[in-house]
Amino acid sequence: MSSITIKRPEAIEPAPKLDKKALSADHPTWCPGCGDFAVLASFFKVVQNLGIPHEQICTIAGIGCSSRFPYFVNGHGVHYIHGRAIPLATGVSLSRPDLNVFVFGGDGDGFSIGGNHLEHAARKNLNLTYVIMDNFVYGLTKKQTSPTSPVGFKSKTDPWGAQDEPVNPMRKLVASGATFVARTHAAQVNHMSEMFERAIKHPGFSVVEVLSECVVFFKGSFDAANPRKGGEFPLIPEKQWDDSPDDWKAHDTTDLSKAIKLAEEPWPGKFGVFYEVERTTKNANEQALIADAQAKVGNASSQEILAKRFARMR
Amino acid sequence: MSTAAPSSPSEPRVSGRHSVRSKTVDDAVIRIAGNSQDGIQTIGGLLARLAGRTDQDVITYMTIPSTISGGPSIFQVRIGSGEILSPGDQADFLVAFYEHSYKSHIGFLREGGICLYDSDEVKPDTSDKRFVYVPVPLTSATVEAVGGTAKDRGKNMFALGLLCSVFDLDRERLVEIISRQFGSKDESILRNALLAFDAGYAYPLGDILDLAFQLKPATASGKTRVATDGNTAMALGLIAGGVRHGAGYPITPWSPIMEQLRVELPQYGGMFIQSEDELAAISTALGFSYAGHLAVTGSAGPGLSLKMEALSWATMAEIPLIVINVQRGGPSTGLPTSVEQSDLMQAIYGSHGDCPRVVLAPKDVEDCFYIAIEAARIARKYSVPVIILSDQALSSRIEAFTEPDLAKVMVEPVLDLNPAPAEYKPYPLNAETRHAPPGTRMTGGTYPVVTGLEHDEMGHPTSNPDLHMKMTARRRNKLRRLEAELKTPEVYGDANGEILLVGWGSTYGPIREAVTQLREQGLKLAAIHLRHLHPMAPGLEKVFDRYDHIFVVEMNDEGVYGQGQLATLLRSRFCNPKIRSICKTDGLTFKIREIIAGIDDFIAVTA
Ligand SMILES: Cc1ncc(C[n+]2csc(CCOP(=O)(O)OP(=O)(O)O)c2C)c(N)n1
Ligand code: SF4
Ligand SMILES: [Mg+2]
């Protein structure tokens, strides 16, 4: 059978168990107080909990404050171009089933310049985990309106207050066909870690929107969802499918129209898993194509397959 | 005769009419003009394959309407026993299916040429005595032969039968090739095809058979030959070069490459992904390459423009990649189904920043195969993006060539996941780039982040001015090392003389033919062909010194300053005022006489 040769040592010592020190790379260049620090800490914790081997971690990002993430993780990583991290991660995920592929990025990167890619990766159900660090503003470029900026937000490009209807991330993601869609808050570390862990375990395209405050350009943006700042952090009660008396009232995460309805709730809305279904991944579909094609050519080597192709053109 | 063939409805005919032919010719140009839905491409392809099988040389040329519903279309085949380098300036034989086919193409027929037309459709002006007219009721005779309402379907095969008879082609082999082409389909399709073919073959043509010419038999090469188009050769070359992954977005004339790779690659354990747009396509291809699987993406001009930002990243991050650009007429949507060579500057300089990358161009269909292998080798060796500039004419025309020796050229890809040593540096200042693909254990404990930011030897971002200069030089010097590997191309023709023609890409054939013709007329001249456009092979200045005038022949505009794109590059490189341009932008391949006229114009002005 013709397949790609992989050279690797017969036996490799298990990597030392990962701790925060082994996982830390550069000290983050984020502003003190930036919500993204907590996202990083939470990611470290989950990667350790799940026991992911060091060499199998691959973080990929576009451009933005949040997209600098890969520099702060000591793992294989890519700092790519603005908005295109998802299609690059597509190539990594599809051709390397041995890896754990994580994409990190901002609201501008994901919903604006990269919006089309998000749509298609969700629809194709690529096997990777995507964390959107949503701060409702363009941080790196210093305070322009972002696709999630609320109407009225005063930015350098809308000094009189943003006018355009913002993207509703949960609605967009559920409607696009993502198979795991969750929402959390960078100030709620345990909840955030729980969402990450479930997203990583989910087979397919899993997205977590993290409300991660930009303390410089949109201070206080997420206070309404932070009990420590006088807000509320209302969780989605998920159906347990048991006989408990109130279970019928809880959210069925496999119900698309209910998930959309939940996404329509007024600010600050609810937190937790909005939608979670299993659907064949593109990764599995491509592997099935390979398996079928290889079954047809039997034990032929790649040279024999190509020689046959040429023989047809004689 | 193949036993698969149904018995011919006609009476048996005397085989081999060599004796009655008044003359033999080296080659013949046959133009078949109809509508795209008539299947004229199919018969053109069959003729080309026959030529390959009989050791004849062949070049085809076709036009496709850019409208979806089809429309006027031609397929031209030039078959001969010598070296065939261009589709031909004029036709010896025209088959006209419709009035519009006759009207548009009679002017392409040479004086004394034969116009065979469908007398059910065409009313030619027979008072024009320059041509010989042969009426054949293609439509009704096909209906009669095949029966039923299949008239539009079998006409092409009927015409092929006629051509087989007129040119006394190897009928047995042709039937075999037809059977193979239609064999996998519904049985009745093959039956009808052969019925129409036989009827055409048996159709009484009278004395034109005496007028017609006999192709000189080709000398047997003893080698197995194949016939295919440039896009197919390119796709197969990528596979031979060890490329197993890719991503693309459809656009004419690139789509057939991605369609074939999508189907072929899974057999080899690889995959080709149809992306949502060209930005995603190149990004996914870069994802494959980053993951350790050298990948391909491709497009035509508009899509190449969309890939420019990512290409710049590939240069900076030093990720190997192959980008195929099948050039067509531009700017913008331009002339989607016509040929042009106007993306050279975009290929070399299109991205932002100092962004060195390799640019290659194949000279003919066979070379599409070999250049893809070379592109893969260069991309791997230097961790650099390589752009291959093909064009619309190469992409769709069929040529016959010696079947490649796969044992010699085949490259087996390897994904190396051996642990990286503690002293690993991805971008050493004094050695070639080496990546540790994800999945690699880093013995030293530090894992690499591949970035588009300027970085140090470890890949760590830095804006240190000194390092930016060093790293910029490092990326450029990879191309200088490649340049040092290249050999000065040989000239074709006189070793020194009055004129040197310089070409790149698909103008190879017509330029060479122009040289042959002009040398026969006593001019001392030669041609040189550049397959490597960035970097160029060394030593060109010495070759240029041996000629009085240098003409760069290319299918693009002469620009504001009077030079085409390659001529501009050569002038800036060599500061040589002898370098001039012969350019054109009519969306058609160069005719020999156009090249000669370009030289004559110059001589007339300077005389
Ligand atoms: C093609 C391109 N256009 C524009 C930019 C400039 N740019 C960099 S980051 C950014 C927006 C970042 O916003 P977001 O994605 O929300 O990330 P944040 O910084 O807020 O985390 C922009 C416009 C760029 N780097 N590339
Ligand atoms: S600008 Fe805002 S988003 Fe960027 S690092 Fe500072 S606080 Fe964080
Ligand atoms: Mg943002």
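In this structure, the residue pairs whose Cα-Cα separation is over 21 Å, taken from B:K542/B:K578; A:K308/B:K408; B:K470/B:K542; B:K381/B:K408, are B:K470/B:K542. Taking the Cα centre of chain B as origin and assigning +1 to Lys and Arg Cβ atoms and -1 to Asp and Glu Cβ atoms, the resulting dipole is close to 940 debye. With a 10 Å cut-off around each Cβ of B:219-228, the average count of Cβ atoms from other chains is 2. With neighbours defined as other Cβ atoms within 10 Å of a residue's Cβ, the residues A:T179, B:T24, B:T219, A:T141 order from fewest to most as B:T219, B:T24, A:T141, A:T179.
Projecting the Cα atoms of B:S506, B:S572, A:F274 onto the dipole axis of the protein assembly as shown, where Lys and Arg carry +1 and Asp and Glu carry -1 at the beta carbon, places B:S572 farthest toward the positive end.
The shape of region B:283-333 comes out prolate: with a ≥ b ≥ c from the C-alpha gyration tensor, a/c is at least 1.5 and a/b beats b/c.
For the protein assembly as shown, the residue among A:S244, B:M410, B:H468 whose Cα projects farthest onto the positive side of the dipole built from Cβ charges is B:H468.
Its DSSP H runs of at least 4 residues, each contributing -39,500 (n - 2.57), put the calculated 222 nm mean residue ellipticity of chain B at -11000 deg cm²/dmol, to the nearest 500. Dimensions of the protein assembly as shown along the principal axes, based on C-alpha atoms and rounded to the nearest Å, stand at 102, 69, 62, largest first.
Judged by the gyration tensor of its Cα atoms, with axes a ≥ b ≥ c, region A:214-296 is oblate; a/c meets the 1.5 cut and b/c is at least as large as a/b.
Listed by chain and number, the aspartates and glutamates whose alpha-carbon sits under 16 Å from that of B:K487, ignoring those within fewer than 8 places in the same chain, are B:E374, B:E541.
Going by neighbour counts of Cβ atoms within 10 Å, the residues B:T139, A:T280 line up, fewest first, as A:T280, B:T139. In summary, the lysines within cross-link reach of B:K591, defined as a Cα separation below 17 angstrom excluding same-chain residues under 8 places away, comprise B:K363. Between the helical axis of B:465-485 and the longest alpha-carbon principal axis of chain B there is an angle of about 40 degrees. Shielding by partners for peptide B:411-424, expressed as the average number of C-beta atoms from other protein chains within 10 Å of each residue's C-beta, is 3.
A Cβ-based charge dipole, computed about the Cα centre of the protein assembly as shown with Lys and Arg at +1 and Asp and Glu at -1, lands at about 1280 debye. Relative to the longest principal axis of the Cα atoms of chain B, the long axis of helix B:365-382 makes an angle of roughly 10 degrees.
Cross-link partners of A:K7 among aspartates and glutamates, defined as those whose alpha carbon lies under 17 angstrom from its own and excluding same-chain residues fewer than eight positions apart: A:E55, A:D98, B:E412, B:D416.
Rounded if a/c is under 1.5, else prolate if a/b beats b/c, else oblate: with a ≥ b ≥ c from the C-alpha gyration tensor eigenvalues square-rooted, which is region B:21-219? Judged from the Cα gyration tensor, region B:21-219 comes out rounded (a/c under 1.5). The residue among B:L588, B:A527, B:V543 whose Cα reaches farthest toward the positive pole of the charge dipole of region B:491-600, with charges on the beta-carbon of Lys, Arg, Asp and Glu, is B:V543.
A cut-off under 12 angstrom between Cβ atoms defines the neighbours of A:E119, and their net charge, with Lys, Arg +1 and Asp, Glu -1, is +1.
Values of log10 I(q)/I(0) for chain B across q = 0.06 Å⁻¹ run -0.36, by the Debye formula with one identical scatterer at each alpha carbon and no solvent.
Helix B:508-520 and the long axis of chain B differ in direction by around 60°, with both axes built from C-alpha atoms.
Take each residue in B:254-267, count the other chain C-beta atoms within 10 Å of its C-beta, and the mean is 3.
Computed over region B:265-380, the convex hull of the alpha-carbon atoms projects to a mean area of 7.6 nm². As a ratio to 2.2 N^0.38 Å, the alpha-carbon radius of gyration computed for region B:491-600 takes the value 0.97. The fewest-to-most ranking of B:R191, B:R481 by surrounding Cβ atoms within 10 Å reads B:R481, B:R191.
Values in this text are rule-based calculations from the coordinates and carry no lab data. Just so it is clear, the structure is predicted and the values come from calculations on it, not from any experiment. Neighbour counts are summed over all protein chains in view; Cβ atoms, including those assigned to glycine, are modelled from backbone coordinates with ideal geometry.
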